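One structure is given below, encoded as structure tokens.
Laboratory data are not the source of any read-out in this text; all were calculated from the coordinates shown. What you see is a predicted model, and the numbers here were worked out from it, not measured in a lab. Note: ideal-geometry Cβ built from the backbone for every residue, glycine included; neighbour counts use all protein chains shown.
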Amino acid sequence: MNTDIFKCREGGEKFQPNSGFDIYLELSFAGLTSAKMGGWYLKSEGDGLGLLVTAFAMCPGFVKEDQCLGCIKTTIPLLRKKCPNQKEAVAWMQKCMLRYSGHVFLKKFDPWFWAFLGDDTNVPEKEERIFEQTKNKLMIRLSAEAAAGNQFAKYSTGTAAFGSKTIYMAMQCTPDLSQDTCNECFVTIQLVVSIVPKGDVANAMFSPNCFIKYALYDFRK
């Protein structure tokens, strides 16, 4: 599954080149990878008079730090190119998530963007029921574990066997969210995953606040 996703907030405010917003966005991105807060990165720049630009980055818990930093640095110019004058945007790549905004978004569940990715791989029809039961139990367990994390990381990963096969799954919230707010994001994921075609064995769902990915191969390596 290709998870290179770019989304500019539709209907949102826009900025002019070389404006104050443009300058502070560039400064926020420039200092982002040096502003680590546990398992995430946060950098804000502004004029102290109401103009504030915040850049945020997070990598899946299974991604090594050097790969995470490399992904963030690569994604910054790509996101700027994809969303050249929007005041809010997000990118989900294979190894990192990057977002920025001109309004306060920390500690809030803001479901303005969702992306669902899947492929055409299916389990045999006779295995669909046990696969769905196993997947749902694993999803419920991992979502609870991830939401119970701390301000540095809200991530959980695990496996579950059914027959001769194994489901690999990872779930994560941005660590700024409270446990309840993280759970709110995961509830949306659970609702969507529950209505995808039964037996689909490789799917991923992303938002600015949380994600899930699962497959019958170990994508965490």
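Based on the Cβ-Cβ distance from Val187 to Lys221, what FRET efficiency comes out when R0 is 30 Å, to the nearest 0.05? Numbers along the way, then the final one.
Numbers: r = 29 Å, r/R0 = 0.98.
According to the calculation, E is roughly 0.55.
Take the residue pairs Lys7/Lys221; Lys87/Lys154; Lys14/Lys73 and return only those whose Cα atoms are more than 25 Å apart.
Working: Lys7/Lys221 27 Å; Lys87/Lys154 27 Å; Lys14/Lys73 23 Å.
Exceeds cut-off: Lys7/Lys221; Lys87/Lys154.
How would you order 82-89, 3-10 from highest to lowest mean count of nearby Cβ atoms within 10 Å? The partial results should precede the final answer.
Numbers: 82-89: 18.0, 3-10: 16.0.
Final packing ranking: 82-89, 3-10.
Taking the highest mean first, how do the peptides 210-219, 135-144 order by number of other beta carbon atoms within 10 angstrom per residue?
Numbers: 210-219: 19.7, 135-144: 17.9.
With the highest mean Cβ count within 10 Å placed first, the list reads 210-219, 135-144.
Placing +1 on the Cβ of each Lys and Arg and -1 on the Cβ of each Asp and Glu in the chain, which of Leu25, Ser207, Gly118 has its Cα farthest towards the positive end of the resulting dipole?
The listed residue farthest towards the positive side: Gly118.
At 222 nm, what helix-only mean residue ellipticity would the chain give, in deg cm²/dmol to the nearest 500, using -39500 (n - 2.57) for each DSSP H run of four or more?
Values: 4 runs with 66 residues, N = 221.
So the helix-based figure for the chain works out to -10000 deg cm²/dmol.
Hey, can you rank 23-35, 120-132 by average C-beta count inside 10 Å, highest first? Each step should come with its number before you reach the end.
On the way: 23-35: 17.5, 120-132: 13.9.
Answer by packing, highest mean first, reads 23-35, 120-132.
With Cα extents along the principal axes in Å as the read-out, I listed (1) 61, 32, 30; (2) 71, 50, 27; (3) 52, 35, 31; which label goes with the value calculated from this structure?
Comparing each candidate, only (1) matches the computed number.
Could you give the dipole magnitude of the chain about its Cα centre, charging the beta-carbon of Lys and Arg +1 and that of Asp and Glu -1, in debye to the nearest 20? Mind showing how you got there, number by number?
Details: 26 positive and 23 negative charges, 60 e Å.
In total the dipole reaches around 280 debye.
Of the listed pairs Lys36/Lys82; Lys36/Lys95; Lys108/Lys135; Lys135/Lys198; Lys95/Lys198, which have alpha-carbon separations greater than 19 Å here? Walk me through the numbers before you get to the answer.
On the way: Lys36/Lys82 25 Å; Lys36/Lys95 16 Å; Lys108/Lys135 28 Å; Lys135/Lys198 11 Å; Lys95/Lys198 27 Å.
Going by Cα-Cα distance, Lys36/Lys82; Lys108/Lys135; Lys95/Lys198 fall outside the 19 Å limit.
Of all beta bridges DSSP finds with both residues in the chain, what is the antiparallel percent, to the nearest 5? Kindly include the intermediate steps, with their values, before the conclusion.
Details: 47 of 47 bridges.
Given both bridge residues lie in the chain, the antiparallel proportion sits at roughly 100 percent.
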